[in-house]
Amino acid sequence: MTTSESTDRKTLLLTGASRGIGHATVKRFSSEGWRVITCSRQPFPENCPWEAGPEDHIQVDLSDPNNTRAAIDVIRSRLGNGRLEGLVNNAGISPKGPDGERLNTITTELKSWAQVFHVNFFATVMLARGLREELTAAKGAIVNVTSIAGSRVHPFAGAAYATSKAALASLTREMAFDYGPLGVRVNAIAPGEIETAILSEGSKKLANDIPLRRLGTPDEVARAIYYLCTPESSYVSGSELHINGGQHC
């Protein structure tokens, strides 16, 4: 790759890249020629499916504000041209009980609420603010990954997870208002039941109640994320795209 090609290449920063939707998103953007910088709690695994992974992977604990700030400095140092075309906040955690049960507003410990909101909500604020100059330089796009659980009580998603995703949907509207004058678009996607390796037991049974009568795939979510980061959605901002086969009907 020539110096000119490297400078012109678009860059995506993706959190929560170690599985499911994250993997599919990396593959989708990489196939379109984007450079993808990934972030997750784990070090880069040897069996991951994309090139340049070790060089473009950053291990970060988004539940720790200090660690997140340090990671932002590392990310900025790796953006050689000072531009960031896309930021996808996909990281999310949903703690379970001792037997894998859903934790509600009564059974969720306070420290778990704090951890969930740091990862699912506050990290989004920190990354967008910390990379504001790079996003502005590229007239980039931010995509926040919310959830169907943010708008309805879900049988498997815990209360802390659900409320953090509801807050993230509201944050998306606020960010769209604040970042719009900078030329940066901010949108959200709200996946429903997506068939991944970490799908909760019983989720497949929900397919019978989905109008399309099937679960979604990570690739279908990745295609929606890609759309929101490209010129095809150049006048879309402040929106939440529901990807659930009509489940919210």
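Couple of notes before you dig in:
- Here's the picture: a label point sits 7 Å out from the Cα of Asn67 along the beta-carbon direction, and within region 88-106 the residues with their amide nitrogen under 18 Å of it are 90-96.
- Rounded to the nearest 20 debye, the dipole magnitude of the chain is 320 debye, with +1 charges on Lys and Arg beta carbons, -1 on Asp and Glu beta carbons, and the Cα centre as origin.
- Relative contact order for the chain, counting Cα pairs under 8 Å that sit 6 or more residues apart, in percent: 19
- Beta bridges per DSSP, both residues in region 3-243: antiparallel share near 5 percent.
- Estimated from the Cβ-Cβ distance and a Förster radius of 30 angstrom, the FRET efficiency linking Ser77 and Asn104 is about 0.10.
- In the chain, a dipole from Cβ-located charges (positive for Lys and Arg, negative for Asp and Glu) runs towards its positive end, and of Ser63, Ala190, Asn90 it is Ala190 whose Cα lies farthest in that direction.
- One decimal place: the segment Arg223-Ser170 gains 16.8 nm when fully extended, by the rule 0.36 nm per residue minus the C-alpha distance.
- Descending semi-axes in whole angstrom, ellipsoid equivalent of the chain, from the Cα gyration tensor: 28, 20, 18
- Adding -39500 (n - 2.57) for every DSSP H run of four residues or longer, then dividing by how many residues the chain holds, sets the calculated 222 nm ellipticity at -10500 deg cm²/dmol.
- Ranked by how many other Cβ atoms sit within 10 Å of their own Cβ, fewest first, the residues Asp61, Asp99 fall in the order Asp99, Asp61.
- Unit charges at the beta carbon, dipole of the chain: most positive-side option, Ser164, Thr230, Val153: Val153
- Label-point separation, Arg213 to Glu55 (7 Å along Cα→Cβ), nm: 4.9
- Sequence of Ile75, Ile106 once ranked by neighbouring C-beta atoms within 10 Å, starting from the fewest: Ile106, Ile75
- Projecting the Cα positions of Thr217, Ala138, Leu241 onto the charge dipole of the chain (unit charges on Cβ atoms of Lys, Arg, Asp and Glu, taken about the Cα centre) puts Leu241 furthest along the positive direction.
- Computed over every Cα-Cα pair of region 96-193 and binned at 5 Å starting from 0, the pair-distance distribution P(r) comes out as 3, 13, 22, 20, 16, 11, 8, 5, 2, 0 percent.
- Packing-based exposure ordering (other Cβ within 10 Å, fewest first) of Asp8, Asp219: Asp8, Asp219
- Separation in nanometres of the label points that stand 7 Å from Cα toward Cβ, at Arg129 and Ser234: 3.2
- Total lysine pairs under 28 Å (Cα atoms) in region 67-208, excluding pairs fewer than 8 apart on one chain: 8
All of the numbers you see were taken from the coordinates with simple rules; none came from a lab. What you see is a predicted model, and the numbers here were worked out from it, not measured in a lab. Glycine also receives a Cβ, built like all others from the backbone with ideal geometry; neighbour counts cover every protein chain displayed.
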